[in-house]
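As structure tokens, the structure follows; a few thoughts come after it.
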Amino acid sequence: MPENPTANMMPGQLLARGVCRHLRSHGFVTVEELVPTSGLRVDVMALGPKGEIWIIECKSSRADYQSDSKWQGYLEWCDRFFWAVDGDFPVDILPPETGLMLADAYDADIQRMGPETKLAAARRKVMTLKFARHAATRLRSYRDPRVTPEGIISR
């Protein structure tokens with residue numbers, strides 16, 4: 001019997017998995033745990049077929065959401081912002097001016113589009129380069145586990 005790929009994932013990681021799968025069906029590519037600037041780490045960043053950049057924050061519980069004091073700092077790094085939560089999450093506590101996805105480990109559904117705030121060209125270029133470098137480093141680490149975002153840790 002094949003190993004369950006979701007067995008060791010945390011609840012937020014399971015939501016991220018479903019979000020990434022869903023966005024792929026819309027032509028987006030995604031990376032998880034990208035740092036747009038010092039002090040911020042987004043759960044999912046998505047790059048769309050027309051270069052649009054979406055940030056999705058995955059919240060597995062009310063406490064997880066209420067402990068997140070940095071989410072508004074993500075808005076300046078994307079064209080659209082979304083929350084991803086499961087079907088049991090009390091969605092009425094989420095800001096209505098943000099996007100909303102209902103997700104599980106296998107898929108997601110966009111319930112509400114977040115407002116579009118187009119990034120300036122210079123910021124878009126910075127974020128697209130960060131996305132590409134993050135994705136390439138992550139891919140490289142599968143072939144060579146000693147490669148980290150900081151470089152090679154040992155020979």
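Among the strands (runs of 3 or more DSSP E) confined to segment 1-112, the ones with at least 1 residues that are over 19 Å from Phe131 (Cα atoms) and in contact (Cβ under 8 Å) with a residue 24 or more places away in the chain are located at 80-85, 99-103, 108-112. The residues on offer are Thr117, Thr98, and the sole one that is over 14 Å from the mean Cα position of the chain (by Cα), open to solvent by less than 70 Å² (accessible area, probe 1.4 Å) and among the hydroxyl-bearing types (Ser, Thr, Tyr) is Thr98. Just to verify a result, which residue in segment 113-155, among those that are modelled with pLDDT of 95 or more, out of contact with any strand residue (DSSP E or B) (no Cβ under 9 Å at 6 or more places or on another chain) and not in a helix (DSSP H, G or I), is farthest from Met45 (Cα to Cα)? Here the answer is Ala120.
The values are calculated or read from the model by the stated rules, or taken from the named source; none is laboratory data. Values in this document were obtained by computation on a predicted structure and should not be read as measured data. No Cβ is skipped: glycine too gets one built from the backbone with ideal geometry, and neighbour counts run over all protein chains shown. These area figures cover heavy atoms from the full protein model, side chains too; ligands, DNA and RNA do not enter into them. Shrake-Rupley method; radii C 1.70, N 1.55, O 1.52, S 1.80 Å.
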